[in-house]
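J.: Got a structure for you, written out below as structure tokens; questions coming shortly.
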Amino acid sequence: MLTNYRRVGPRQLVVSGVLATAADRHRYAEALTLPVRSVRLEAGAAVTETRLRGRCPDARPDALQWHLERYETLAAQLAEADLDEFVIATDNLTPAAVARRVTEHFGLPAAPSGPQPGSATRSTG
């Protein structure tokens with residue numbers, strides 16, 4: 001996919017993932033052949049558990065349980081690794097507000113609000 005992105009010329013690429021170690025950061029940078037600047041999104045326990053329950057379908061209780069048992073440890077590891085240049089507490093933010101904070105932090109133009117002509121939209125329910 002990166003080849004396709006480069007062909008059409010975007011100047012910024014946003015990738016979701018977990019950087020728990022400097023080796024993870026290096027692996028992403030090598031795979032993308034781009035510098036990696038990371039933002040860590042945080043949420044409190046109640047919000048995290050609510051979000052996890054919303055993401056794991058009832059058909060996958062094992063996946064939900066795995067995440068519920070692990071998220072606090074992972075959050076502590078990510079904070080201790082301190083690989084992020086910016087951390088956003090997302091408890092009371094919409095996804096659009098998080099995106100705005102990220103673009104502001106990096107000095108990027110704000111995304112237009114609402115669907116644009118010729119764009120696809122998706123509803124999650």
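J.: Could we say that A120 is in a loop (DSSP other than H, G, I, E, B), under 18 Å from the mean Cα position of the chain (by Cα) and either of a type in the set (D, E) or at pLDDT below 90 (or both) here? So that I can check it myself, show each step before the final result.
T.: Working: in a loop (DSSP other than H, G, I, E, B): yes; under 18 Å from the mean Cα position of the chain (by Cα): no; either of a type in the set (D, E) or at pLDDT below 90 (or both): yes.
In short, no.
J.: If you take the residues in the range 27-48 that are open to solvent by 70 Å² or more (accessible area, probe 1.4 Å) and in a strand (DSSP E or B), which one is farthest from P95 (Cα to Cα)?
T.: E42
J.: I've got another one for you. Which of the residues belonging to the range 49-72 are more than 18 Å from the chain's Cα centre (by Cα) and part of a helix (DSSP H, G or I)?
T.: P61, D62, A63, L64, Q65, W66, L68, E69
J.: Between D24, D84, which is assigned to a loop (DSSP other than H, G, I, E, B), of a type in the set (D, E, K, R) and open to solvent by less than 40 Å² (accessible area, probe 1.4 Å)?
T.: D84
J.: Looking at the range 49-64, which of the residues that are more than 22 Å from T90 (Cα to Cα) and not hydrophobic (A, V, I, L, M, F, W, C) is modelled with the lowest pLDDT?
T.: P57
J.: Output the number of the condition that R7 fails; it satisfies all remaining conditions of (1) in a helix (DSSP H, G or I); (2) open to solvent by less than 70 Å² (accessible area, probe 1.4 Å).
T.: Against the list (1) in a helix (DSSP H, G or I); (2) open to solvent by less than 70 Å² (accessible area, probe 1.4 Å), R7 comes up short only on (2).
The values are calculated or read from the model by the stated rules, or taken from the named source; none is laboratory data. All values derive from a computational prediction rather than experimental measurement. Just the protein is used for accessible areas: all its heavy atoms, side chains included, with ligands, DNA and RNA removed. Shrake-Rupley method; radii C 1.70, N 1.55, O 1.52, S 1.80 Å.
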